[in-house]
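One structure below.
The values are calculated or read from the model by the stated rules, or taken from the named source; none is laboratory data. All of these numbers come straight from a predicted model, not from anything done at the bench. As a convention, Cβ positions derive from the backbone with ideal geometry for all residues, glycine included, and neighbour counts pool all protein chains shown. When the accessible area is computed, the model is the full protein with side chains, heavy atoms only, and any ligands, DNA or RNA have been set aside. Shrake-Rupley method; radii C 1.70, N 1.55, O 1.52, S 1.80 Å.
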Amino acid sequence: MAYEFKLPDLGEGLTEGEIARWLVTEGQEIGEDDPLVEIQTDKTTVEIPSPAAGKVARILVAEGETVAVGTVLIVIGEENGHAGEAPVPSDRHRERRLSGAEPAVDEQAPAEERPAAPAVSSGLAPGHAPPGRVRATPLVRRLAQELGVDLETLAGSGPQGRVTEEDVRSAAASPDLAPGQAAEGRREPLRGVRKLTAEHMARAHAEVPAVTWVEECDFGAVDLKRLVPVTLKAVAEALQEVPELNARLEGDEIVYLDRYDLGVAVQTDQGLVVPVVRDCDSRSVDELGDEVARLAESARTHKLKPEELRGSTFTVTSAGKLGGLLTTPIVNHPEVGILSIGRVAERPVVRGGEIVARPTGTIAVTFDHRVVDGARAAEFGLAVIRRLEAGG
């Protein structure tokens with residue numbers, strides 16, 4: 001008897017998730033609560049523990065595939081009616097299902113008495129699908145239809161010969177290749193955080209008529225080790241003077257927000273993520289510094305919680321020494337503004353008629369011109385600079 005583990009409802013209205021990484025292999029004995037799989041959502045990567053103990057019989061969805069909530073991901077325990085009792089999840093896992101954290105299933109019923117996923121069929125050699133049938137998820141089938149790719153012509157590279165998104169995209173990118181001819185160059189599927197970033201940035205670029213305002217700033221009064229929290233405090237105070245930038249456009253209405261929860265861009269080995277620092281208007285610079293450090297560490301170790309990645313009202317980004325002279329950041333939709341800090345370095349400036357060296361950098365503000373006028377964006381940028389030049 002076997003236990004089929006399905007992609008649970010991860011909350012936040014999410015209807016699908018990407019298999020970022022399997023933490024087990026077929027044939028491996030696992031215990032209840034052992035790390036099972038990492039799921040990438042449109043917010044973050046979530047590690048899901050095994051709800052039952054037993055031997056991993058089959059992994060049905062390959063890494064990199066995106067599937068709907070309720071899709072069977074893995075089979076744990078004996079299959080095809082072999083002797084043995086089905087692994088029974090603990091009361092704690094039952095409570096999680098009843099609370100909506102995981103989908104409710106008849107956990108006592110044998111797998112063969114529950115609706116089986118299309119991928120659970122035996123008697124086939126790995127890498128081969130049943131004659132006349134192509135193994136592919138509904139999402140992959142829809143993608144193939146959109147790109148004009150005939151699934152029947154593809155040799156699936158996924159488990160049990162399943163056609164993956166990468167197979168379809170590779171075929172669509174190389175329509176003129178002769179059978180057996182390799183595509184040019186090394187190809188990697190757009191996955192995880194990088195895929196989500198690409199989709200989000202493309203949407204922001206398409207929907208937001210953005211303009212960027214840039215000005216120099218003298219950072220001589222700022223402790224550069226505390227640059228980000230000092231900037232967060234300055235931005236939160238300046239947003240109170242120019243509330244149009246702490247807003248969002250919803251249909252035909254501008255919604256002015258009375259909270260100052262600022263996103264901070266953090267570079268990780270999987271791409272850029274933007275955790276949210278709450279209440280930047282009421283926290284001290286030291287408190288903001290501690291929170292930024294905590295969120296950055298969680299981001300780099302992939303331990304951010306979904307709620308730590310949502311609800312920002314404005315975003316601040318700084319690449320430090322890699323920042324370049326200036327950047328023109330892209331608005332983090334549905335926000336209407338973002339501020340970036342260029343690389344701070346000793347540069348010649350004129351002070352009192354004399355040329356002197358000062359630690360200077362640029363402040364750039366990109367804004368949604370549907371909501372914010374250029375003059376108001378400039379007022380905001382100058383308000384931030386005044387505070388930074390005064391030491392925060």
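Values as computed for the structure displayed
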item	result
Pairs with Cβ under 7 Å, 6+ apart, first in segment 286-299 and touching a residue at least 40 places away in the same chain (Cβ under 8 Å), second buried (at least 20 other Cβ atoms within 10 Å of the Cβ) and of a type in the set (D, E, K, R)	288/233
Residues that are in contact with a Lys or Arg (Cβ under 9 Å, 6 or more places away or on another chain) and within 14 Å of residue 366 (Cβ to Cβ), drawn from segment 322-337	326, 333, 335, 336
Residue 250, sole failed condition from (1) over 14 Å from residue 339 (Cβ atoms); (2) open to solvent by less than 60 Å² (accessible area, probe 1.4 Å)	(2)
Those strands (runs of 3 or more DSSP E) lying entirely in segment 269-378 with at least 1 residues within 16 Å of the chain's Cα centre (by Cα)	271-273, 314-318
Segment 294-321, subset open to solvent by 60 Å² or more (accessible area, probe 1.4 Å) and either out of contact with any strand residue (DSSP E or B) (no Cβ under 8 Å at 6 or more places or on another chain) or more than 27 Å from residue 362 (Cα to Cα) (or both), residue modelled with the highest pLDDT	294
Pick from segment 253-293, criterion acidic (Asp, Glu) and open to solvent by less than 80 Å² (accessible area, probe 1.4 Å), ranking: farthest from residue 369 (Cα to Cα)	291
Any pair with Cβ under 9 angstrom, 6 or more apart, that starts in segment 373-392 at a residue that is within 16 Å of residue 227 (Cβ to Cβ) and ends at one that is of a type in the set (Phe, Trp, Tyr) and surrounded by 13 or more Cβ atoms within 10 Å (Cβ to Cβ)	388/219; 389/219
Residue list for segment 338-363, restricted to those being open to solvent by 40 Å² or more (accessible area, probe 1.4 Å) and out of contact with any helix residue (DSSP H, G or I) (no Cβ under 7 Å at 6 or more places or on another chain)	346, 347, 348, 350, 351, 352, 353, 354, 355, 356, 357, 358
Segment 257-283 residues that are more than 20 Å from residue 242 (Cα to Cα), paired with ones that are open to solvent by 60 Å² or more (accessible area, probe 1.4 Å) (beta carbon under 6 Å, 6 or more apart)	265/272; 268/300; 271/194
Residue in segment 103-116 that is in contact with a helix residue (DSSP H, G or I) (Cβ under 6 Å, 6 or more places away or on another chain), surrounded by fewer than 16 Cβ atoms within 10 Å (Cβ to Cβ) and either modelled with pLDDT under 85 or in a loop (DSSP other than H, G, I, E, B) (or both) present	yes
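A quick yes/no check of all residues on (1) in contact with a helix residue (DSSP H, G or I) (Cβ under 7 Å, 6 or more places away or on another chain); (2) at pLDDT below 95:
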| site | (1), (2) |
| --- | --- |
| 204 | no, yes |
| 213 | yes, no |
| 219 | yes, no |
| 234 | yes, no |
| 246 | yes, no |
| 250 | no, yes |
| 261 | no, no |
